[in-house]
Amino acid sequence: MNVIEENLAEYKTDFPKSWSFLWSPEEAEKISKEHKDQIHFLNKKGTEIVNEYLNSSKMLGYSTGADWSPFTKGYFKTENKFWVYENCDSEIKKWLYNLGIPFDKYVFVDSDSSEQAIMLTWKMVIKYFEGMFFATDLVIFDGSLNWALFYYHESQLFFGKDNAFDQQAEFVKNLEQNKLLNEIKNRLK
């Protein structure tokens, strides 16, 4: 586990009592213990942290035009697309597998239909992709922010890898900016 995974582990919560990428609460309850041990829904605070972390990365910056991408132009050195079509489950699994992400690698989902962020292994992403790549936009990324998978609700998957700038420097810059903004807000009170 890396630093962000270790810190977010304290925000794990029970599986939601509402629909999620695992479908209904009853269906989610039926998955094996082995799978449950690799899927961790995060509480409200954990979800806020995941969303703030993703937002501070500036990774998402929807472009326009014929070469539309959900990623900020130039954020990733490499981008790939996959069109999702009816009855292509085996092709999606093969494409996800060929991305080369280790099965035991923990990744984050910004939120699914349960409106909770999720920390789970890449193996579980491949296993339960049908529930994730369903109706709403969704981002899956790792703690290093060096790659991301974006499901666009109009049946497209986008994968970006090898970010093109110093993430740590940008993260520190954003922390400093947020600190200044908070100080300004406190002075105005």
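The values are calculated or read from the model by the stated rules, or taken from the named source; none is laboratory data. Remember, it's a predicted structure, so these values are computed and weren't measured experimentally. Here Cβ is always computed from backbone atoms with ideal geometry, including for glycine, and neighbour counts include all displayed protein chains. Ligands, DNA and RNA are stripped out before the accessible areas are found, and what is left, the full protein with its side chains, is counted by its heavy atoms. Shrake-Rupley method; radii C 1.70, N 1.55, O 1.52, S 1.80 Å.
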* To do: Looking only at segment 168-175, decide whether some residue is open to solvent by less than 80 Å² (accessible area, probe 1.4 Å) and either free of Cβ contacts under 8 Å to residues at least 12 places away in the same chain or basic (Lys, Arg) (or both).
  => yes
* Structure fact -> Exactly one of Phe41, Phe21, Phe15 is more than 16 Å from the chain's Cα centre (by Cα) and open to solvent by less than 50 Å² (accessible area, probe 1.4 Å), and that residue is Phe15
